Amino acid sequence: MIKDLTAFYSKNAQGMKRSEIRELLKISRIPGMISFAGGLPASETFPVKELEEISCEILRQKGATALQYGTTEGEAVLREEISKWMMREKSTIRPENILVTAGSQQGLDIVSKVFLDPRDIVVMELPSYIGGLQAFASYRAKMIGVPQDDDGMRMDLLENLLTKLADTNKKPKFIYVVPDFQNPSGVTLSLERRKKLLELAYHYEVPILEDSPYRDLRFRGEPIPAIYSLDKQSQVIALGTFSKILCPGLRLAWIMAPSEWMDRMVVAKQAMDLCCPTYNQLIVAEFMKRGLMRKQVENIRNLYGRKVEVMLAALKKHMPKGVTWTNPEGGLFLWVRLPKHISANDLLPKAIANKVAYVIGSAFHCSGKGQNTLRLNFSYPTEQQIDEGIQRLAKMIRENM
Ligand SMILES: Cc1ncc(COP(=O)(O)O)c(C=O)c1O
């Protein structure tokens, strides 16, 4: 009999950690709990009726194809529709440069698998998306965070870092950015900084991984071009997803990458799951073909625009002095900073006892810092829950100040 079954884990598996957020999702199901913890889209936005009609039609008309294995790259009709969607921003996108993935999370895994050896450097925002951290960590990358402010990642600090690394002959494998209404902070990278980022990436010859699930969910302010649309040297890999603009349950997303990188990504995906579900891909392609996506996105934007206003008003009304928060122009999240001496980690059990949940900010810091920060989601709770939940949170923070 084997004494320690875990002794058989690979080095990669030994380093793997459960996501704090997925663990918190269990807590959110406790009756009466108001959860700002998850990153769930509002279920009332799911176009159930339209999807029901399209699904039945596909089964009736293309059942044999829909239920069969598909190509690893993805169904041609869907790749065509995705490239059209992206061509709103850059006219040279081709279906051949699109790889359909099972969520952007798989995109992150594929890029990591293709690019990362143990101890390779990945540069990212501080804080950054926890699922990105998890993917890079599972390939044992060394993650270096660059602090951001209200305009996103600080380019002066990025430049210092890249210069310092170059001085010791080191080069990151890529710079990972979530430039639009970032998860977790809600902050957007300014146009000036996007241009500077590309300039630095060209100068130091480092690829950029642009992960932007919330890009179409801008509810105010002026649109800013995607980084891939400004890229002139084929150095940007862009991740897009249907999770937040349609629904996450179909698990469909995409990687847009230069042809030279595409081939290995396809091989990497082949070894993971052969292909994404054909049926789901045909459904989404038809939804887009019918021109339903624009309306869908508009509905979501309007709803989240209202919800964020409720959250901002509640924060303003109830939070004690010394607590600050970001003012997102889109997306699903808002970032709260407590006074330096207060730990959001220590407060979490008390918050849960008071039936309100959030995600601790330190979970998003590859540096392990950010103890006085936390992330709030405003897409999933109702407007009434948002107001009540912020009151509970504020009361508890005040009592602990
Ligand atoms: C920045 C970012 N990337 C990737 C994902 C993964 O999304 P999905 O796998 O549902 O496409 C998320 C989900 O919240 C995210 O916020």
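In table form, for the structure just shown:
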quantity: Residues K232 and A166, FRET efficiency given R0 of 30 Å [Cβ-Cβ distance, rounded to 0.05]; calculated: 0.85
quantity: Convex hull (Cα only) mean projected area of the stretch 17-138, reported in nm² to one decimal; calculated: 11.7 nm²
quantity: Space enclosed by the convex hull of the alpha-carbon atoms of the stretch 1-48, per residue, Å³; calculated: 187 Å³
quantity: Contact order relative to length of the chain, as percent, for alpha carbon pairs under 8 angstrom and 6 or more apart; calculated: 24 percent
quantity: Reach of K142 by Cα under 17 Å, taken over aspartates and glutamates that are not fewer than 8 positions away in the same chain; calculated: D109, D117, D120, E125
quantity: The stretch 237-379: relative contact order in percent, alpha carbon pairs under 8 Å with at least 6 residues between; calculated: 17 percent
quantity: 18 Å reach of a label modelled at R290, 7 Å along Cα-to-Cβ, counting backbone N of the stretch 47-71; calculated: 47-63, 66
quantity: Centre separation in Å (Cα based) which lies between the stretch 1-56 and the stretch 87-125; calculated: 22 Å
quantity: Centroid-to-centroid separation of the stretch 254-275 and the stretch 291-308 [C-alpha atoms, Å]; calculated: 31 Å
quantity: A13 versus R60: modelled label distance in nm, points set 7 Å from Cα along the beta carbon direction; calculated: 4.8 nm
quantity: Equivalent ellipsoid semi-axes - Cα gyration tensor, the chain, angstrom; calculated: 32, 27, 22
quantity: Share antiparallel - DSSP beta bridges, the chain, percent rounded to 5; calculated: 55 percent
quantity: Whole-Hz ³J(HN,Hα) from phi, Karplus 6.51 cos²θ - 1.76 cosθ + 1.60, for the stretch 336-353, glycine and proline x; calculated: 10, 10, 8, x, 3, 7, 9, 9, 5, 5, 5, 6, 4, x, 5, 4, 5, 4
quantity: Calculated [θ] (222 nm, deg cm²/dmol) that DSSP helices of n ≥ 4 give over the chain, each run adding -39,500 (n - 2.57); calculated: -14000 deg cm²/dmol
quantity: Amide hydrogen neighbours beyond the local backbone of I121, cut-off 5 Å, H modeled; calculated: K142, K173
quantity: Long pairs among K17/K350; K84/K244; K11/K350; K26/K340; K164/K340, criterion Cα-Cα beyond 27 Å; calculated: K11/K350; K26/K340; K164/K340
quantity: Residues D4 and E205, FRET efficiency given R0 of 45 Å [Cβ-Cβ distance, rounded to 0.05]; calculated: 0.50
quantity: Calculated Rg and Dmax of the stretch 249-401 using C-alpha coordinates, Å; calculated: 20.4, 57
quantity: Inter-site label distance for T324 and I27 at 7 Å from Cα along Cβ, in nm; calculated: 2.6 nm
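Since every read-out is calculated from the coordinates, none of them should be taken as a lab result. Keep in mind the model is a prediction, meaning the values are calculated, not measured. So basically every Cβ, Gly included, is an ideal-geometry build from the backbone, and we count neighbours across all protein chains shown.
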